[in-house]
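*Asks:* What follows is a single structure, and I will ask about it in a moment.
The values are calculated or read from the model by the stated rules, or taken from the named source; none is laboratory data. None of these values were measured; they are calculated from a predicted model. In this analysis, Cβ positions are derived from the backbone assuming ideal geometry, glycine residues included, and neighbour counts consider all displayed protein chains. SASA here: full protein model, heavy atoms, side chains in, ligands and nucleic acids out. Shrake-Rupley method; radii C 1.70, N 1.55, O 1.52, S 1.80 Å.
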Amino acid sequence: MSKRDFSRDQDAMAQAIELARRGLGHTWPNPMVGCVVVRDGKLMAEGYHHRHGEDHAEIDALKKLNFSAQGATLYVNLEPCCHYGCTPPCTDAILRSGITRVVVGMVDGNPLVDGKGIQILRDAGIQVEVGVLEDECRALNEVYAVNLSAPRPFVTLKAAMTADGRLATRTGKSKWITGEQARHHVHQERAAHQAVLVGVGTVLADDPSLNVRLPGKAEQQLQPCRVILDSKLRTPSDAQLFNDPSPLLICTTSSQLGTEKAALLEQQGAILLPCGSADRVDLELAMGRLSERGISALLVEGGAEIHGALLDAGFVDRLLLYVAPKLFGGALALPLALGLGADEPGEAVELTPFNVSRLGDDLLLEARTADGPAAQWWRAQLEKDSS
């Protein structure tokens, strides 16, 4: 067990956050949660939520103490649950453990909790502190926060582009804009998301696989679900997407269901999701359909028409721009986003400042939307790094 001094609340909460991160990609649709139990500044036990359906962080930690922690303080980055789900309420375990103080990073916005867990503990005479490293805790579970606020996944828009903001040449060619290190990073991002989405135009132009290809055994890699927005079912039945066993979802219009092409794609293993009765896929309905299927985090990889539609709808939460030291030029070269866009500069989508890093010869620019759950923490981190 660690010999670190945990007499400061901030240090113990920081450890809980680090533990929580170990569940990245495995806890969806649950949040990432870590727990530290401390007495007299010494670590007694720690735990985290390993994956959905398994013990919550508080249980994982308290089990190591046989649920006996008299006089100790429990630190957890998210309010303990107080309802029955896949597991019993964590508040029950805390109450019977002898814990006398609980430090919570942030209130759980889930209507089933939302302060009730904290109140149960206080009513039982336990001292509860709330808000330690709150911005860090909100940033950690930004996906969960967006999922609670709207019936849609958290959306990361990813694009590989030239220094003049082009996704493809005037002839539609885009392989390869960025170098090997940037492409490797994209595969890491795919592994950290539940699903990868493209428009049918990207399927027709690039015939992508959209799977994770990282060094190591392929069977150990977490493969995302693949999603295509395809109003007219133009997806070829021999596309590379059908060569991977992970689910392939095609968001289409209701008029395409029951057609010969629909039957062929379904025979190949595709799952067709009706998303509106008009000529084009209703993007809000599509996001809702993905949310209903338990997709919490969605990586969007193109193309420009999809990017524009998502930005117009206000559905982008995080931006990843891989910028190569190249210039395509030309009025017909494909820009980052099409769609309607802003009428006035004041109507632009506001972002946090970019974090800029090098990937070989390329740059990676990362930002959040300015009103997102991680925005305040993101700004603070950038200011700290620049000071």
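*Asks:* Tell me, what does the Kirkwood hydrodynamic radius of the stretch 1-123 come to in angstroms if you use every pair of distinct C-alpha atoms? Mind dumping the intermediate values first?
*Replies:* Details: mean 1/r = 0.0715 Å⁻¹.
Kirkwood radius, the stretch 1-123: 14.0 Å.
*Asks:* At R0 = 41 Å, how high is the FRET efficiency between residue 92 and residue 222 if r is their beta carbon distance? Nearest 0.05 is fine.
*Replies:* Values: r = 32 Å, r/R0 = 0.79.
Computed FRET efficiency for residue 92 and residue 222 comes out at 0.80.
*Asks:* Ignoring the sites themselves, what is the longest stretch of the chain with no chymotrypsin sites (Phe, Trp or Tyr not before Pro) in a DSSP loop and at most 13 other beta-carbon atoms within 10 Å?
*Replies:* Values: sites that count: 84, 176.
The longest such stretch corresponds to 177-387.
*Asks:* Give, in nm to one decimal, the length gained when the segment between residue 123 and residue 268 is fully stretched (0.36 nm per residue of separation minus the Cα-Cα distance). Provide the component values of the computation, followed by the final result.
*Replies:* Numbers: separation 145, 0.36 × 145 = 52.20 nm, distance 5.69 nm.
Fully extending the segment from residue 123 to residue 268 adds 46.5 nm.
*Asks:* Sticking with this one: Send over the Kirkwood Rh of the stretch 185-271, from the inverse of the averaged 1/r over different Cα pairs, rounded to one decimal Å. Mind dumping the intermediate values first?
*Replies:* On the way: mean 1/r = 0.0743 Å⁻¹.
Its Kirkwood hydrodynamic radius stands at 13.5 Å.
*Asks:* At q = 0.23 Å⁻¹, work out log10 I(q)/I(0) for the stretch 255-342 with the Debye formula, treating every Cα as an identical point scatterer and leaving solvent out; two decimals please.
*Replies:* For the stretch 255-342, the Cα-only Debye profile gives -1.26.
*Asks:* Using helices alone, I'd like the mean residue ellipticity at 222 nm for the chain: each DSSP H run of four-plus residues gives -39500 (n - 2.57), total over residue count, nearest 500. Before the final figure, lay out the partial values.
*Replies:* Working: 12 runs with 110 residues, N = 387.
Mean residue ellipticity, 222 nm, calculated: -8000 deg cm²/dmol.
*Asks:* Here's something else I'd like to know. Working out 0.36 nm times the residue gap between residue 4 and residue 149, then minus their Cα-Cα distance, what length gain in nm do you get to one decimal? Please list the in-between numbers first.
*Replies:* Working: separation 145, 0.36 × 145 = 52.20 nm, distance 3.74 nm.
Answer, rounded to one decimal: 48.5 nm.
*Asks:* GNM, the chain, Cα, under 10 Å: largest mean-square fluctuation among 59, 295, 126?
*Replies:* 126
*Asks:* In addition: Apply 1/(1 + (r/R0)^6) to the Cβ-Cβ distance of residue 70 and residue 350, taking R0 = 56 Å, and write down the FRET efficiency to the nearest 0.05. Could the numbers behind the result be given before it?
*Replies:* Values: r = 50 Å, r/R0 = 0.89.
That gives a FRET efficiency of 0.65.
*Asks:* Additional query: Using every alpha carbon pair in the chain, what percent of pairs falls into each 20 Å bin from 0 up to the bin containing the largest distance?
*Replies:* For the chain, the pair-distance distribution reads 26, 51, 22, 1.
*Asks:* Give the percent of DSSP beta bridges with both residues in the chain that are antiparallel, rounded to the nearest 5.
*Replies:* On the way: 24 of 59 bridges.
Once the DSSP bridges in the chain are tallied, antiparallel ones form about 40 percent.
*Asks:* How much FRET efficiency would the formula 1/(1 + (r/R0)^6) give for residue 371 and residue 192, where r is the Cβ-Cβ distance and R0 is 22 Å, rounded to 0.05?
*Replies:* Details: r = 23 Å, r/R0 = 1.04.
Efficiency for this residue pair is about 0.45.
*Asks:* Normalising by the residue count of the chain, find the relative contact order in percent from Cα pairs under 8 Å and 6+ residues apart. Working shown, then result.
*Replies:* On the way: 830 pairs, mean separation 59.5, N = 387.
That works out to 15 percent.
*Asks:* Which of 313, 159, 297 moves the most in a Gaussian network model of the chain with Cα springs under 10 Å?
*Replies:* Most flexible of the set in this elastic network: 313.
*Asks:* Could I ask something else about it? I'd like the carbon and sulfur percentage of the solvent accessible area for the stretch 233-387, probe radius 1.4 Å, heavy atoms only, ligands and nucleic acids excluded.
*Replies:* Numbers: 4140 of 8110 Å².
Of the solvent-accessible surface of the stretch 233-387, carbon and sulfur hold 51 percent.
*Asks:* From the phi angles alone, apply the Karplus equation (6.51, -1.76, 1.60; θ = phi - 60°) to the stretch 183-193 and give each ³J(HN,Hα) in whole Hz, x where the residue is Gly or Pro.
*Replies:* Running phi through 6.51 cos²θ - 1.76 cosθ + 1.60 with θ = phi - 60° gives 5, 4, 5, 4, 5, 5, 5, 4, 5, 8, 10 Hz.
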